[in-house]
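Read through the structure below, which is laid out as structure tokens, and then see the notes.
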Amino acid sequence: MLRWLAPLWLLVSKPEVLLRILVIAIAGAALIFGVRLISDIALTFDALKSHYIAVIYGSVLLCFFSGVTVLAWPHVRSSAGPPAKKQQKAAPPRQPDVDLNALLERAERASATLFGKPAGSDADDARAIPAAQPRSVPRATFVVTGPADAGKTAIIKALAQTAGADVSGLTDIVCLRDGGTFEDNRGYAALRSRMADTDGVLFVVANDLRASDVVSLAGIGDLGKPIYVVFNKSDQFSPADRDTILLAIQQKLPNGIAPDHVVAAAAAPRLIEREIRDKGGTRVEARQPPADVSGLTRLLALAVKLPAGRKLRFEAE
């Protein structure tokens, strides 16, 4: 059964072949019809014996066969296959690129031979001059303030030590401006003048917010600058107490300060003492843990909308 359907599937898959067969069949039917018509006309001529009628019928048949031939011939001719492609002219052989560096070196050697000057000395001097690196520009400036003994200076120092100088041009500088202690309204005027051209405030505390801290935050909020509360010295508390203090700070924030602007840090962690026992006896060894301001750096990167692939470098103003 499938062997009989194979020719039909071939015709369906190639519509151009099917079209040619259909045109040939129609042309053959038209020719057969024309031959039959000629025989009938011949009988009619024999009965009528009229030359005028023979001329008319002959003209009609000539037009008929001419039209069939004009319509069928292009399709029948195309079955012979696609026309041969014109041969493309071969592209001329590509000339090898001129090596300008090699030419320059040859010219330098020739000048050294003529004038006795070491070849390449001027070129080496020119290449020894490093290309000017794009200089990073400050991306933002933050004022660091808060109550006394909260560790504002330690926060600035720890942030400045998070990354060294980078001359690749992929670094954005964040300036940190020391705003001093802000306990009450007496420091409001001085702080306002230092915040005129800044992008935000880092309010550093070492414990839960006191009533005076809440009042200070409300007064700073009137300046219209973003405020970020930094819970410093968090290493002095257990993990459970640290989470409790963070939650209490978030609940006491004045209106306008988002809870996700609160972050814990440990700019100057306390020494960790460890008792060591060996053959020589027992001794106490003190170790200084590194500063932990990673949460604060991530928060400031979001605050300045740092593009992907770039880094922040903090500098004290």
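Condition test on residue 308, is it in a loop (DSSP other than H, G, I, E, B), among the hydrophobic types (A, V, I, L, M, F, W, C) and exposed (fewer than 15 other Cβ atoms within 10 Å of the Cβ)?
yes
Starting from region 269-284, keep only residues that are free of Cβ contacts under 8 Å to residues at least 40 places away in the same chain, then list their pairs with residues that are hydrophobic (A, V, I, L, M, F, W, C) whose Cβ atoms are within a distance under 6 Å, requiring at least 6 positions of separation or different chains.
That search, which allows pairs on different chains as well, returns 271/286; 273/284; 273/286; 275/284; 283/276.
Suppose we filter 285, 275, 315 for residues that are closer than 26 Å to residue 235 by Cα and at pLDDT 85 or above; which single one remains?
315
Has region 171-194 got any residue that is in a helix (DSSP H, G or I), at pLDDT 85 or above and surrounded by 15 or more Cβ atoms within 10 Å (Cβ to Cβ)?
No, region 171-194 contains no residue that is in a helix (DSSP H, G or I), at pLDDT 85 or above and surrounded by 15 or more Cβ atoms within 10 Å (Cβ to Cβ).
Test of understanding: among 313, 274, which residue is closer than 30 Å to residue 197 by Cα, in contact with a strand residue (DSSP E or B) (Cβ under 6 Å, 6 or more places away or on another chain) and among the basic types (Lys, Arg)?
Numbers: 274 fails: closer than 30 Å to residue 197 by Cα.
Going through 313, 274 in turn, just one is closer than 30 Å to residue 197 by Cα, in contact with a strand residue (DSSP E or B) (Cβ under 6 Å, 6 or more places away or on another chain) and among the basic types (Lys, Arg): 313.
Quick one: which of 296, 271 is under 20 Å from residue 152 (Cβ atoms) and assigned by TED's automatic domain parsing to the domain that holds residue 144? Break it down into steps so the answer makes sense when it comes.
Working: 271 fails: under 20 Å from residue 152 (Cβ atoms).
Answer to the selection: 296.
The values are calculated or read from the model by the stated rules, or taken from the named source; none is laboratory data. Values in this document were obtained by computation on a predicted structure and should not be read as measured data. Positions of Cβ are backbone-derived with ideal geometry, glycine not excepted, and every protein chain shown enters the neighbour counts.
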